[in-house]
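Structure first, then comments.
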Amino acid sequence: MVCSGVTEADAEAVRRRLVVMHPLLPSRKLDIRVKATAIILLAMLIGGGLWISWPLTSRAQGPGMSSGEVPMTTPWRPRDRNAKYSGPEACVKCHQEESHQHATAMGRALEPVATSEILRAHPRLTFRTGPYSYEVVRRGDQTFYTVTDGKDTISEPILYSFGQGKAGQTYIFRHNGTFYESHLSFYRDVGALDFTIGYPRDVPSSLDEAAGRAISIDEARHCFACHGTGAAYGNQLELDRLIPGVTCEACHGPGVDHIAAMQAKKFQNERIFNPGGMGADELAQEFCGSCHRSAEQVSSNKLLRGLISVRFQPYRIFTSRSHDPDDKRMACTACHNPHENPVQDMAFYDAKCFACHRSSQSLKSAATAKAETKEGRTSKPCPVAQRLCVSCHMPKVEFPGSHFKFTDHRIRIAKAGEPFPN
Ligand code: HEC
Ligand code: HEC
Ligand code: HEC
Ligand code: HEC
Ligand code: HEC
Ligand code: HEC
Ligand code: HEC
């Protein structure tokens, strides 16, 4: 078996799926198909050499993060070291409407320990596995992560907490001069520590392994690029520039020049990136997908497929049969305001489906059918129900060990007991 176990059958399946699902899509999708296939074939050719190390370093945290590149040079994440970031406080002085963004899960995807809400609310957490006992204990503004086997002890101050803990909050600390990712994470659903997602559930074989996993600077750079603002650019990571969390400038790019231009009333050149100008598919794949994982990344990397792919909404949406990813009504922003947390009331999404789908009433009344056609609602009505569409067609799926059910963005007729459609 080569690298991550990609076989010709897998490669063929990817090719076939993308072709079958989107026979009429424009050429960009063809590009993806060709590129994905090329990457898979390349992986097979290179064989054991370069890529064999993947399964060793790769795990399922974040979107299967350590495998695959995070795009580092984009309008919203420029390579230029001199690009100036203002921080969100400066932006919300003029942009009131977006001013709650810093309080969303994305806005707090990374927190320094001093302000980490979960660590403050849980001053002492403990856990035990085999001979190892763990303590995560608050002292003043710091929290110490300690593991002991009874003879030796590793104890380090946590530097950052990653995630809001729905599917786990993981900790980064420094040990022997290297960044470590904690072996344990906090889970909001159970209010306690448990193994970090993707880590084997067996008893760790050494104290060092029990503490966590050493991560390279390169990997850390990716973590900070997806969870933070301003610290990662090109192949550099400078933590003294870090603005914690996915804040305004993580998505709109550095904003100091924009502020100066707006203050000088130079409205013809706003000098800020607005992703609202992107097409629906580009927004999903290139923009949201730069952190949430694109169809291209997932279809070219076996480690990101299978059940874990339920975490990668851009991929799931792209492979949602019959749904045209280029249609504005299917854009991520049709259902989500990136400046707010996602709406949890399922009824909220009915109108999003009805933007395209007809009501069952249209089958009985020609007038209704005509009116709906006029509104652009030409897709079939549901023969089963007229509300809470997502409860059946976007099923919630638990990824093992995450203590959380992700919402499958592959919109479909889900059948009870069917295996997860990869
Ligand atoms: C001095 C006031 C001011 C500040 C501070 C400010 N903006 Fe703006 N911004 C404006 C004005 C005025 C506009 C143009 C009118 C509008 O769309 O509201 C604008 C437009 C925008 C747009 C839309 C651009 C487009 O092409 O449509 C974005 C995105 C934006 N600002 C983001 C930011 C971000 C991010 C920050 C912080 C780095 C920020 N702004 C700080 C005044 C400001
Ligand atoms: C710079 C990276 C980045 C970009 C770009 C990005 N996200 Fe996120 N997003 C994250 C991270 C990291 C989280 C995890 C937050 C957490 O729970 O800690 C997240 C979480 C979310 C959540 C879940 C929030 C919750 O309450 O659990 C939604 C919804 C979301 N993102 C939508 C979007 C959409 C839509 C786009 C594109 C318009 C987008 N994101 C672009 C990094 C990003
Ligand atoms: C490619 C971008 C990317 C990278 C790299 C990345 N993450 Fe994430 N991470 C995300 C996104 C997007 C989410 C939200 C969706 C999800 O939970 O899968 C997330 C979710 C998480 C969560 C769960 C958050 C919650 O609220 O439940 C944790 C914990 C986490 N990441 C930690 C890390 C750590 C630690 C690293 C580095 C070792 C890392 N991530 C690297 C994008 C990334
Ligand atoms: C996760 C990515 C993300 C973050 C973080 C983010 N934005 Fe946005 N922003 C977007 C997207 C995507 C759009 C386009 C929305 C659309 O067209 O529906 C947008 C649009 C805007 C606009 C234009 C609104 C309009 O009516 O055209 C402004 C202004 C803006 N954002 C300001 C901010 C400010 C200020 C912050 C921080 C407090 C912020 N954004 C944080 C993704 C983000
Ligand atoms: C951009 C327009 C659009 C939106 C938005 C949309 N759909 Fe669809 N959907 C379609 C089209 C087109 C088809 C193909 C069949 C047809 O014409 O009805 C389809 C097919 C389906 C199917 C059948 C799939 C299959 O495998 O046979 C289901 C179920 C479905 N949609 C549910 C939903 C739900 C639930 C929502 C909201 C969460 C939604 N759709 C949003 C356009 C859309
Ligand atoms: C209680 C679960 C449930 C809810 C809620 C639900 N559906 Fe369905 N839907 C189904 C099932 C089951 C089928 C398959 C029926 C069949 O094949 O006989 C289906 C079929 C469909 C189809 C395919 C129709 C066709 O002729 O091929 C579409 C489109 C659809 N649903 C859209 C929606 C929309 C839009 C909503 C919300 C207004 C919705 N559904 C709500 C269970 C549900
Ligand atoms: C047709 C509507 C729709 C579209 C389009 C859509 N989402 Fe969602 N999304 C949902 C629903 C429904 C939920 C579940 C909300 C809840 O119950 O908490 C959700 C939840 C999420 C979450 C939280 C994690 C989870 O699994 O519950 C993330 C992250 C997310 N969406 C990202 C995206 C991204 C990125 C895109 C574009 C590729 C996107 N969504 C497009 C409807 C949509």
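The values are calculated or read from the model by the stated rules, or taken from the named source; none is laboratory data. Just so it is clear, the model here is predicted, and its values are computed rather than measured. Virtual Cβ from ideal backbone geometry, glycine too; neighbours counted across all protein chains shown.
Conditions: (1) surrounded by 15 or more Cβ atoms within 10 Å (Cβ to Cβ); (2) within 16 Å of ligand 4 (Cβ to nearest atom). K328 meets all but one. Number of the miss?
(1)
Could you grab me the full set of residues in region 374-389 that are surrounded by 15 or more Cβ atoms within 10 Å (Cβ to Cβ) and more than 20 Å from H409 (Cβ to Cβ)?
Residues satisfying the conditions are R377, P381.
Does region 194-209 contain at least one residue that is modelled with pLDDT of 95 or more, buried (at least 21 other Cβ atoms within 10 Å of the Cβ) and of a type outside the set (S, T, N, Q)?
The answer is no; no qualifying residue exists.
Quick one: T229 ticks every box in (1) in contact with a helix residue (DSSP H, G or I) (Cβ under 7 Å, 6 or more places away or on another chain); (2) surrounded by fewer than 23 Cβ atoms within 10 Å (Cβ to Cβ); (3) β-branched (V, I, T) except a single one, so which number is it?
(2)
What is the one condition in (1) away from ligand 5 (no atom under 16 Å from the Cβ); (2) surrounded by fewer than 19 Cβ atoms within 10 Å (Cβ to Cβ) that F287 does not satisfy?
Condition (2) is where F287 drops out.
So, F399, is that one within 16 Å of ligand 2 (Cβ to nearest atom) and modelled with pLDDT of 95 or more or not? Explain how you work it out, then say what you get.
On the way: within 16 Å of ligand 2 (Cβ to nearest atom): yes; modelled with pLDDT of 95 or more: no.
No.
Given the structure, is H336 closer than 23 Å to E98 by Cβ, away from ligand 1 (no atom under 16 Å from the Cβ) and either out of contact with any strand residue (DSSP E or B) (no Cβ under 9 Å at 6 or more places or on another chain) or without any contact (Cβ under 8 Å) to a residue 12 or more places away in the chain (or both)?
yes
Could you pull out the residue among Q268, Q297, Q344 that is away from ligand 5 (no atom under 16 Å from the Cβ) and loosely packed, with under 15 Cβ neighbours inside 10 Å? Can you show your working first?
Values: Q297 fails: loosely packed, with under 15 Cβ neighbours inside 10 Å; Q344 fails: away from ligand 5 (no atom under 16 Å from the Cβ).
Being away from ligand 5 (no atom under 16 Å from the Cβ) and loosely packed, with under 15 Cβ neighbours inside 10 Å holds for just one of Q268, Q297, Q344, which is Q268.
I'd like the full set of residues that are under 23 Å from K352 (Cβ atoms) and either touching a residue at least 40 places away in the same chain (Cβ under 8 Å) or out of contact with any Lys or Arg (no Cβ under 8 Å at 6 or more places or on another chain) (or both), limited to region 395-406. I'd like the intermediate steps shown before the answer.
Step one: list which residues in region 395-406 are under 23 Å from K352 (Cβ atoms), which gives 395-397, 404-406.
Matches in region 395-406: P395, V397, F404, F406.
Taking interchain pairs and intrachain pairs at least six residues apart, which have beta carbon atoms under 7 angstrom, with the first residue in region 266-292 and in contact (Cβ under 8 Å) with a residue 24 or more places away in the chain and within 19 Å of C91 (Cβ to Cβ) and the second assigned to a helix (DSSP H, G or I) and among the hydrophobic types (A, V, I, L, M, F, W, C)?
Pairs found: P275/C251; P275/L283; P275/F287.
Take the conditions under 28 Å from H100 (Cβ atoms) and touching a strand residue (DSSP E or B) at 6+ places or on another chain (Cβ under 7 Å) and apply them to H403. Does it pass? Talk me through it step by step, then tell me what you get.
Values: under 28 Å from H100 (Cβ atoms): yes; touching a strand residue (DSSP E or B) at 6+ places or on another chain (Cβ under 7 Å): yes.
Criteria met by H403.
Out of all the residues in region 236-265, which are acidic (D, E) and either crowded, with 21+ Cβ neighbours inside 10 Å or part of a helix (DSSP H, G or I) (or both)?
Of the residues in region 236-265, the ones acidic (D, E) are 238, 240, 249, 257.
Listed by number, the residues that qualify are D240, E249, D257.
Among the residues of region 51-96, how many are modelled with pLDDT of 50 or more and within 30 Å of R201 (Cβ to Cβ)? Lay out the reasoning, then the answer.
In the first step, residues of region 51-96 are kept if they are modelled with pLDDT of 50 or more; the result is 68-96.
Now narrow it down to the ones that are within 30 Å of R201 (Cβ to Cβ): 68-70.
Of the residues in region 51-96, 3 are modelled with pLDDT of 50 or more and within 30 Å of R201 (Cβ to Cβ).
If a residue must be under 14 Å from I158 (Cα atoms), surrounded by 20 or more Cβ atoms within 10 Å (Cβ to Cβ) and among the charged types (D, E, K, R), how many such residues does region 104-134 contain?
1
Go through F224, F273, F186 for me and flag whichever is within 16 Å of ligand 1 (Cβ to nearest atom) and either touching a helix residue (DSSP H, G or I) at 6+ places or on another chain (Cβ under 6 Å) or not acidic (D, E) (or both).
Details: F224 fails: within 16 Å of ligand 1 (Cβ to nearest atom); F186 fails: within 16 Å of ligand 1 (Cβ to nearest atom).
Checking each option against the conditions leaves just F273.
Please find, among S290, S322, the residue that is at positive phi and of a type in the set (S, T, N, Q). Break it down stepwise before answering.
Numbers: S290 fails: at positive phi.
After applying the criteria, what remains is S322.
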